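To keep things clear, I will list the structure first and then write my remarks on it.
The values are calculated or read from the model by the stated rules, or taken from the named source; none is laboratory data. Source: prediction; values computed, not measured. Neighbour counts are summed over all protein chains in view; Cβ atoms, including those assigned to glycine, are modelled from backbone coordinates with ideal geometry. Keep in mind that these areas ignore ligands, DNA and RNA; they rest on the heavy atoms of the full protein, side chains included. Shrake-Rupley method; radii C 1.70, N 1.55, O 1.52, S 1.80 Å.
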Amino acid sequence: QVQLVESGGGLGQAGGSLRLSCAASAGTFSSYAMGWFRQAPGKEREFVARIGWSGITTYYADSVKGRFTISRDNAKNTVYLRMNSLKPEDTAVYYCAAGRVATNNPRPYDYWGQGTQVTVAS
């Protein structure tokens with residue numbers, strides 16, 4: 001069982017930056033691929049970014065490519081999402097997820113955090 005706890009959300013300004021963190025409870029964190037997803041009101045959960053277990057392979061949604069950076073520190077059991085050049089359309093609840101397979105599809109992920117709200121003011 002892996003417990004994930006997100007932090008770092010809040011109110012940001014358009015053009016500004018925020019950094020989200022996701023701390024995992026499991027010592028086997030380094031064996032999991034990690035993903036960030038988001039869900040805006042009235043919309044389906046959508047893929048944001050993912051990173052392989054080693055941290056070498058990353059992949060981003062087109063909507064955040066060049067603005068967001070996903071990284072991980074396996075020694076700290078933590079994955080990060082650095083969000084730059086924020087836009088009001090980035091407003092959503094952001095979730096981190098852990099799974100055995102790195103994919104843009106949320107279904108294969110086994111564990112999810114509770115989510116953290118990000119609101120971007122124009």
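Some notes on this structure:
- Here the chain carries DSSP beta bridges of which approximately 90% are antiparallel, counting only pairs with both residues inside.
- Take each peptide in 63-73, 96-106, 27-37, count the other Cβ atoms within 10 Å of every residue, and average; sorted highest first, the result is 27-37, 96-106, 63-73.
- Two-decimal Rg to Rh for the chain - Kirkwood Rh, Cα set: 0.94
- Protein accessible area in the chain, 1.4 Å probe - carbon and sulfur %: 47 percent
- Cα-based shape type of the range 6-71, given that a ≥ b ≥ c are square roots of the gyration tensor eigenvalues and the cut on a/c is 1.5: prolate
- Whichever lysines have a C-alpha closer than 26 Å to that of LYS43, once near sequence neighbours (fewer than 8 apart) are set aside: LYS65, LYS87
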